[in-house]
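One structure is given below, encoded as structure tokens.
The values are calculated or read from the model by the stated rules, or taken from the named source; none is laboratory data. All of these numbers come straight from a predicted model, not from anything done at the bench. As a convention, Cβ positions derive from the backbone with ideal geometry for all residues, glycine included, and neighbour counts pool all protein chains shown. Please note that ligands, DNA and RNA were not included when accessible areas were found on the heavy atoms of the full protein model with its side chains. Shrake-Rupley method; radii C 1.70, N 1.55, O 1.52, S 1.80 Å.
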Amino acid sequence: QQTGRLRHRHVLVTAGGTRERIDPVRFISNDSSGKMGYAIATAAANEGADVTLVSSTTALTAPAGVEIVHVAGAKEMLNQMQQRLDQQDAVIMAAAVADFRPVEEAAQKIKKTADNDTMIIKLTKNPDILKTLATQKTKQIMVGFAAETQHLLANAQHKLTDKKLDMLVANDVSRKDIGFNADNNQVVILRPNQEPEKLPIMAKSELAAKLIDRVVTLLPGK
Ligand code: C5P
């Protein structure tokens with residue numbers, strides 16, 4: 001259903017687990033499929049927004065009418081987002097950003113040798129994209145996700161405050177029927193100074209439309 005409530009608005013969405021390169025044929029990543037982020041990009045486009053989807057997954061088809069920017073690691077994702085932040089009205093960060101990346105990316109495929117039964121890959125912390133953008137933003141509504149396996153509400157509440165977000169979408173990824181790679185999701189929406197809003201289990205497409213609904217109400221001039 002198209003109501004055009006985001007016409008002339010720019011929305012930046014991220015999706016997928018970042019891929020942190022070890023060498024030309026290997027990377028470190030996580031179980032995020034990107035489905036939630038792609039569903040959000042679709043929902044925003046359905047409302048008439050100009051949507052840019054910064055994606056670290058290549059497995060899904062870009063939604064119609066959405067500009068897609070493919071990235072691999074967190075540093076590249078941050079860079080692409082910083083270049084576009086100024087024009088945005090809302091930033092929705094559904095990507096599962098890897099906390100760490102290899103200190104060095106080997107230029108050639110790392111070979112196993114007869115005398116080495118173990119190997120060590122040294123990791124360094126990735127930048128927190130949301131936190132970095134929060135220091136550079138002007139008017140943008142910032143939305144984050146929290147995928148947790150325990151203490152869902154407490155961890156989510158901390159992230160809402162710590163990352164200075166306008167909205168945080170928390171989901172329990174210890175359950176197989178919702179969260180990573182599932183087609184359904186069940187979340188709790190947190191907002192500063194408001195009671196948590198627990199939504200029932202629903203299709204990611206339906207949830208995406210609901211989240212975009214909330215974003216519409218948060219935008220100034222609405
Ligand atoms: O800290 P955690 O990874 O659980 O935070 C989740 C939220 O923060 C998500 O919206 C995620 O996209 C974002 N994030 C980020 N940069 C990171 C790690 C997470 O923007 N390095």
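The table below lists the values:
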item: Candidate lysines for bridging to K139, where Cα separation is under 18 Å - those fewer than 8 sequence places away on the same chain excluded; result: K131, K163, K164, K222
item: Inverse of mean 1/r across different Cα pairs in region 25-66, Kirkwood, Å; result: 11.3 Å
item: Prolate/oblate/rounded label for region 74-181 (Cα gyration tensor, a/c 1.5); result: oblate
item: Violating pairs (Cα-Cα greater than 25 angstrom) within the set K35/K198; K122/K176; K35/K159; result: K122/K176
item: With Cα atoms, 0 to 90° folded angle of helix 35-46 axis to the chain main axis; result: 40 degrees
item: Heavy-atom accessible surface of region 1-56: percent carbon and sulfur, 1.4 Å; result: 42 percent
item: Coarse-grained scattering of region 5-157 at q = 0.08 Å⁻¹, given as base-10 log I(q)/I(0) from a Debye sum over alpha-carbon atoms; result: -0.26
item: Region 67-189, accessible surface, carbon-and-sulfur percent (1.4 angstrom probe); result: 48 percent
item: Charge dipole (the chain, unit charges on Cβ, about Cα centre) - positive-most of G221, P102, F145; result: G221
item: Angle in degrees between helix 152-162 and the longest Cα principal axis of the chain, rounded to the nearest 10; result: 90 degrees
item: In nm, spacing of pseudo-spin labels at L199 and N116 (7 Å Cα→C-beta vector); result: 4.6 nm
item: Highest-MSF residue in the chain out of A94, A114, A44 [GNM, Cα springs under 10 Å]; result: A114
item: Principal axis box of region 112-155, alpha-carbon based, largest edge first, Å; result: 57, 29, 12
item: With Cα atoms, 0 to 90° folded angle of helix 204-218 axis to the chain main axis; result: 60 degrees
item: Choice from D115, D177, D128 with maximal GNM fluctuation in the chain (Cα, 10 Å cutoff); result: D115
item: Per residue solvent-accessible surface (Å²) - the chain, probe of 1.4 Å; result: 53 Å²
item: Protection proxy ranking, peptides 59-67, 141-149, average beta carbon neighbours within 10 Å, highest first; result: 141-149, 59-67
item: Charged-residue dipole, Cβ positions (Lys, Arg, Asp, Glu), the chain about Cα centre, Debye nearest 20; result: 260 debye
